[in-house]
Amino acid sequence: MPDDAPDSAKLDDDAVRHVAKLARLDIADTDVHRISEQLTGILAYVSKIAEVDTEGVEPVAHAVPMENVLREDKVGPMLSVEQALQNAPDKEPPFFKVPKVIGGDEDSAG
């Protein structure tokens, strides 16, 4: 672990395993400690942003001036239900049928 990492920015092996589980990443036990050190180093580096003196700095969303280059959002001609569903692999008019994502047997995010 980097010596300059504040305690709050340290990520132990258990935290790495937990985050990997949430992200559904398969990380070998032999890699967990190395990843823990790398992520702790990254967190320490990012925490240095808090040390920057921002007194009197105007908050902005972008570092350079930006203008909206998107067209105005207008309602235009629409597809009929039949046209929209014509290439759908599975349908039950007027809906697309998709596999269940939340609440299924395979849901292991929790």
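The values are calculated or read from the model by the stated rules, or taken from the named source; none is laboratory data. Just so it is clear, the structure is predicted and the values come from calculations on it, not from any experiment. Backbone-built Cβ (ideal geometry, glycine too); neighbour counts: all protein chains shown. Ligands, DNA and RNA are stripped out before the accessible areas are found, and what is left, the full protein with its side chains, is counted by its heavy atoms. Shrake-Rupley method; radii C 1.70, N 1.55, O 1.52, S 1.80 Å.
Kindly write out, for segment 41-58 in residue order, the coupling ³J(HN,Hα) from the Karplus curve 6.51 cos²θ - 1.76 cosθ + 1.60 (θ = phi - 60°), rounded to whole Hz, with x marking Gly and Pro.
Result, rounded to whole Hz: x, 5, 5, 5, 5, 5, 5, 5, 4, 5, 7, 6, 6, 10, 4, x, 8, 6.
At a Förster distance of 30 Å, what's the computed FRET efficiency of A84 paired with E58, Cβ-Cβ distance as r, to 0.05? All intermediate terms of the calculation are to be shown ahead of the outcome.
Values: r = 46 Å, r/R0 = 1.53.
Once rounded, the FRET efficiency stands at 0.05.
Counting only heavy atoms of the protein chains, get the accessible area per residue of the chain (1.4 Å probe) and round it to a whole Å² value.
92 Å²
With n ≥ 4 as the cut-off for DSSP H runs, can you work out [θ] at 222 nm for the chain, using -39500 (n - 2.57) per run divided by the number of residues, rounded to the nearest 500?
Values: 3 runs with 34 residues, N = 110.
The per-residue figure over the chain is -9500 deg cm²/dmol.
Averaging sequence separations of C-alpha pairs under 8 Å and six or more residues apart, then dividing by the length of the chain, give the relative contact order as a whole percent. Could the numbers behind the result be given before it?
Details: 54 pairs, mean separation 26.9, N = 110.
Taking the mean separation of contacting Cα pairs over the length of the chain, I get 24 percent.
Which of H62, Q86, A9 sits closest to the plus end of the dipole of the chain, meaning its Cα is farthest towards the positive end, when Lys and Arg get +1 and Asp and Glu get -1 on the C-beta?
Of the options given, the answer is Q86.
Can you list residues from other chains, or at least 5 along the same chain, whose modelled amide H is less than 5 Å from the amide H of K91?
K97
Placing unit charges on C-beta atoms (Lys and Arg positive, Asp and Glu negative, everything else neutral), compute the dipole magnitude of segment 8-61 about its Cα centre in debye, rounded to 20.
Numbers: 6 positive and 11 negative charges, 50 e Å.
Approximately 240 debye in magnitude.
Report, to the nearest 10°, how far helix 13-22 tilts away from the longest principal axis of the Cα atoms in the chain, using its own Cα long axis and a range of 0 to 90°.
Around 10 degrees separate the two axes.
Pop out the ³J(HN,Hα) list for segment 79-89 in order, Karplus 6.51 cos²θ - 1.76 cosθ + 1.60 with θ = phi - 60°, rounded to Hz; leave Gly and Pro as x.
6, 6, 4, 5, 5, 5, 8, 4, 10, 5, x
Search the structure for amide H atoms under 5 Å from the amide H of L11, placed 1.01 Å from N in the peptide plane, and list their residues when 5 or more places away or on another chain.
Residues meeting the amide H criterion: T40.
About the Cα centre, and with charges only on the beta carbon of Lys, Arg (+1) and Asp, Glu (-1), how big is the dipole of the chain? Nearest 20 debye, please.
Charge dipole of the chain: 640 debye, to the nearest 20.
Check cross-link reach from K10 to the aspartates and glutamates: straight Cα distance under 12 Å, and skip same-chain residues fewer than eight apart.
The qualifying aspartates and glutamates are E37.
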